[in-house]
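One structure is given below, encoded as structure tokens.
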Amino acid sequence: MSRKRSTVDQHEQLVTLTGDSVVLEGMLGLPPKAPGIVLFAHGSGSSRLSPRNNYVAQVLRSAGLATLLMDLLTEEEDRDYATRFDIDLLTRRLVAATHWIGKHPQAGGLAIGYFGASTGAAAALNAAARLGSAVGAIVSRGGRPDLSDSLAQVLAPTLLIVGGLDTEVIALNRQAYAQLGAEKELVIVPGATHLFEEPGTLEQVADLATRWFTRRLTRA
């Protein structure tokens, strides 16, 4: 399975999201009859153009799930290193994007899932805690769930995926895992570093995420 996208996804469209007093761009992918939609919360220094998240999103769409990859920060905000680690700001933007999706003529009413990477995982968990049962599932890839201050309030089934060679982040994920009260699972991908750049490792992430979301968002 190649990580490169050989063709343009016919179900994708560039959208403009308004919320939290800013205008942000996103890429919305809507396969026919999708049962749910996965919103991607990118980590520090990343954006909706992240090749790793775009690969995972493509796999999710192939499984029939809708996706939204959006920039949680404006270009000006992203140039400020400190802002990239402003978890509360990222959380507000993700909540705003979730409300935006709820009003979308085609995506409104779909079951909601979050896919978070790095600091985006903390924002996903915080947003899920705020929105309660409105969020049906969460997946974290190489995330920093330990930066969330709302782990005990999360209701959504949560899957934490960490690279086997990412020892420091494994320890942080185990700490966060112990605080989660909802359905949860921690999967360590052997031979993978933080960015899952090793052959076959990102494919494992996509497969794990697809199984997690498909089962829970379809049921929702």
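The values are calculated or read from the model by the stated rules, or taken from the named source; none is laboratory data. Predicted, not measured: the structure shown is a model, and the values here were computed from it. A quick note on method: Cβ atoms are made from the backbone with ideal geometry, for glycine too, and the neighbour counts reach across all protein chains shown.
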Among the residues in the range 180-191, are any at pLDDT 95 or above, under 17 Å from the mean Cα position of the chain (by Cα), assigned to a loop (DSSP other than H, G, I, E, B) and under 19 Å from V56 (Cα atoms)?
no
When the range 48-64 is checked residue by residue, the ones that are part of a helix (DSSP H, G or I) and either at pLDDT 95 or above or crowded, with 17+ Cβ neighbours inside 10 Å (or both) are R52, N53, N54, Y55, V56, A57, Q58, V59, L60, R61, S62
Kindly list the number of the only condition in (1) surrounded by fewer than 24 Cβ atoms within 10 Å (Cβ to Cβ); (2) under 16 Å from A209 (Cα atoms); (3) among the small types (G, A, S) that fails for S118.
(1)
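Helices (runs of 4 or more DSSP H) wholly in the range 65-164 with at least 2 residues that are within 16 Å of the chain's Cα centre (by Cα) and at pLDDT 95 or above - which ones? Step through it out loud before you land on a result.
Numbers: elements: 75-78, 87-102, 119-131.
Qualifying helices (runs of 4 or more DSSP H): 87-102, 119-131.
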Among (1) among the polar types (S, T, N, Q); (2) in contact with a strand residue (DSSP E or B) (Cβ under 8 Å, 6 or more places away or on another chain); (3) surrounded by fewer than 23 Cβ atoms within 10 Å (Cβ to Cβ), S150 falls short only on (2)
Residue tally, condition loosely packed, with under 12 Cβ neighbours inside 10 Å, modelled with pLDDT of 90 or more and touching a Leu at 6+ places or on another chain (Cβ under 8 Å), over the range 15-47:
1
Every residue in the range 184-220 that is surrounded by fewer than 16 Cβ atoms within 10 Å (Cβ to Cβ) and on the phi > 0 side of the Ramachandran plot, please.
G191, G200
Taking A176 as the residue in question, decide whether it is crowded, with 21+ Cβ neighbours inside 10 Å, closer than 24 Å to Q58 by Cβ and not aromatic (F, W, Y).
no
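Among the residues in the range 81-92, are any among the acidic types (D, E) and surrounded by fewer than 19 Cβ atoms within 10 Å (Cβ to Cβ)?
Taking the range 81-92 as the starting set, the residues that turn out to be among the acidic types (D, E) are 86, 88.
Still in the list and also surrounded by fewer than 19 Cβ atoms within 10 Å (Cβ to Cβ): 86, 88.
Within the range 81-92 (the criterion being among the acidic types (D, E) and surrounded by fewer than 19 Cβ atoms within 10 Å (Cβ to Cβ)), the answer is yes, since at least one residue qualifies.
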